[in-house]
Amino acid sequence: MDLFFKDAIKQTQNIERKVEQVGNLNISVVGVGGCGNNIINWISKQKVQGAKIFALNTDQQHLNRVEADEKLLIGKTVTRGLGCGGNPLKGEEAARESSLEIKEMVNKRDIVFVITGNGGGTGSGAAPVVAELARKSGSLVFGVATMPFNMERLRVEKAEVALLKLKDNCDCLIVIDNNKLTEIAGSMPLGQAFNVANNLISTMVKGLIETITVPSLINLDYADLKAIATNSGIASIGVGSSNTKNRVVEAVNQAINNPLLEVDYDGATGALINIQGGPEMTLEEVNNAIKMITQKMDKDANVIFGAKIDEKFKGQFVVMSIITGLKSTWDIKKEQKNDSFFHSLDIDTLKKEKFEELSKQVEIRVDNKPKIKEERKVFTSVDYESLDLSDDDDDLMDESLEIQILN
């Protein structure tokens, strides 16, 4: 038996040299809008292995300050490079105008990360379009969205609508709550406080990408990630490390208690866990870490783990986890939303588009006067021809037209 152990130890020293990378993943990380571009700057500085970095915006001045592999000014006709003025409809229209260029960024990509800040115009309007185009091309799509501070009022309303649209077009969505930033970095100078959030998000994205692109002793690959992330809804990504005597507990707690996320791990349906350490890392430590991470998950959850031994991690214990199928306060908010749901649309857009919503009733108002009210059992389709509009209505300002969906 002693001979068996000695031979195993000897073989371990050379095992990673025998690992060969058979294929290369195509990964795009796309930052949309001002907040998304700020995060892209941080990701670019971290030199993520195995991904191409893109920045999309309607604001040319802000785009000029971004560091990325490729940059794209979207909606040149719609916004002329001057931004959306906080109007998500303009953001969406800008993305539709530039859809061919966006498709080139996401086409034939194995994984696409769509990173944005909800509540403004470009991110709220364009990010769901980017995710939609990526998903239609066959990519596994991860959305990462920040939500505004409660004090921003109207932006919160716009952000919640945008979040639902983004979630519908992503396999997996990570939601970052800016209100949490006040709790962990409220006393910091403003610039440093936002940098804390940018750094945490970029570390999450970098950790996930390198987990499946850098070979390990127990390897994790794209198929593993796809198995736990496809159509999985709200997710959490966390990274933790420690070099103390209590390193396993500390590293796990850091990974699963991301201070900017508000999620519930009870009943989670999937987990991809990657553990790294030096030559002294034991099987018992790895086993204990996985038990701690998965203890609240569903009994039938799909749990996949990998492990890497590296001399540079000597004395350290590093955990990266992505947990999917989570309950989130953002899902709860969706269920508890008021029965009335408003979309502001301009007349020209309504002429071109047909809108369908799962609902029982739809009411359209122009200048706060009802123009049509229909009832259906399953859903209601509304188009321009069905409206009872006068010539005077057609000349009204954009802000005067609202569609109200009544559930």
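The values are calculated or read from the model by the stated rules, or taken from the named source; none is laboratory data. Predicted model only: the values in this text are computed from it and were never measured. Glycine gets a Cβ as well: all are built from the backbone with ideal geometry, and neighbour counts include every protein chain shown.
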Quick check on residue 241: is it modelled with pLDDT of 90 or more, in a strand (DSSP E or B), more than 21 Å from residue 150 (Cα to Cα) and over 21 Å from the mean Cα position of the chain (by Cα)?
yes
Which condition number in (1) buried (at least 22 other Cβ atoms within 10 Å of the Cβ); (2) modelled with pLDDT under 90; (3) among the aliphatic types (A, V, I, L, M) is the one that residue 188 fails?
(1)
Here the qualifying pairs (Cβ atoms under 7 Å; residues six or more apart or on different chains; first in the stretch 214-225 and within 17 Å of residue 302 (Cβ to Cβ); second part of a helix (DSSP H, G or I) and modelled with pLDDT of 80 or more) come out as 220/211; 220/212; 221/212; 222/212; 225/212
Which condition number in (1) closer than 24 Å to residue 98 by Cα; (2) surrounded by fewer than 22 Cβ atoms within 10 Å (Cβ to Cβ); (3) in contact with a helix residue (DSSP H, G or I) (Cβ under 9 Å, 6 or more places away or on another chain) is the one that residue 150 fails?
(1)
Checking residue 253 against (1) in contact with a helix residue (DSSP H, G or I) (Cβ under 9 Å, 6 or more places away or on another chain); (2) of a type in the set (S, T, N, Q); (3) touching a residue at least 40 places away in the same chain (Cβ under 8 Å), only one condition comes out false. Which one?
(3)
If you check 91, 117, 81, 86, which single one turns out to be at pLDDT below 90, out of contact with any Phe, Trp or Tyr (no Cβ under 9 Å at 6 or more places or on another chain) and assigned by TED's automatic domain parsing to the domain that holds residue 174?
86
Of the residues that make up the stretch 259-272, is at least one surrounded by fewer than 22 Cβ atoms within 10 Å (Cβ to Cβ), touching a residue at least 60 places away in the same chain (Cβ under 8 Å) and part of a helix (DSSP H, G or I)?
no
From 200, 208, which residue is of a type in the set (A, V, I, L, M, F, W, C), at pLDDT below 85 and assigned to a helix (DSSP H, G or I)?
200
Select from the stretch 273-292 the residues that are polar (S, T, N, Q) and surrounded by fewer than 17 Cβ atoms within 10 Å (Cβ to Cβ) and list them in ascending order.
282, 287, 288
